[in-house]
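> Below: one structure in structure tokens.
The values are calculated or read from the model by the stated rules, or taken from the named source; none is laboratory data. Source: prediction; values computed, not measured. So basically every Cβ, Gly included, is an ideal-geometry build from the backbone, and we count neighbours across all protein chains shown.
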Amino acid sequence: MVDDKSKAVAYWQANVRLIIGSLVVWAIASYGLGILLRPMLAGISVGGTDLGFWFAQQGSILTFIGIIFHYAWRMNKLDRDMGLEE
């Protein structure tokens, strides 16, 4: 029983670390690159527009989709490691 509790605590700690890391990456991509660093990225052209505008319009969305796939992949790996497969 004690082993199950420590396993559950370790599982949720890993899950929370993954969620926090994902939120930090998304905040950097959407807020940092799209808003705060946009003037610095204005000289870099992507698809006919500057990189800062691209991140504000599409980059943050694509980053979020990438984070979703990364989270699902890592959670499946964590489930396998902890013996919690479906």
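> Can you tell me which of Y31, Y11 is touching a residue at least 40 places away in the same chain (Cβ under 8 Å) and of a type in the set (F, W, Y)?
Y11
Residue-wise test of (1) modelled with pLDDT under 90; (2) over 17 Å from the mean Cα position of the chain (by Cα).
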| site | (1), (2) |
| --- | --- |
| Q13 | no, no |
| L37 | yes, yes |
| I65 | no, no |
| R80 | no, yes |
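> Given the conditions (1) in a helix (DSSP H, G or I); (2) exposed (fewer than 11 other Cβ atoms within 10 Å of the Cβ), report the number of the one that E86 does not fulfil.
E86 satisfies every listed condition except (1).
> What's the number of the only condition in (1) modelled with pLDDT of 90 or more; (2) on the phi > 0 side of the Ramachandran plot; (3) not aromatic (F, W, Y) that G47 fails to meet?
All conditions pass for G47, except number (1).
> So which residues in region 20-51 are surrounded by 14 or more Cβ atoms within 10 Å (Cβ to Cβ), in a helix (DSSP H, G or I) and among the aliphatic types (A, V, I, L, M)?
Residues satisfying the conditions are V25, I28, A29, L33, L41, L51.
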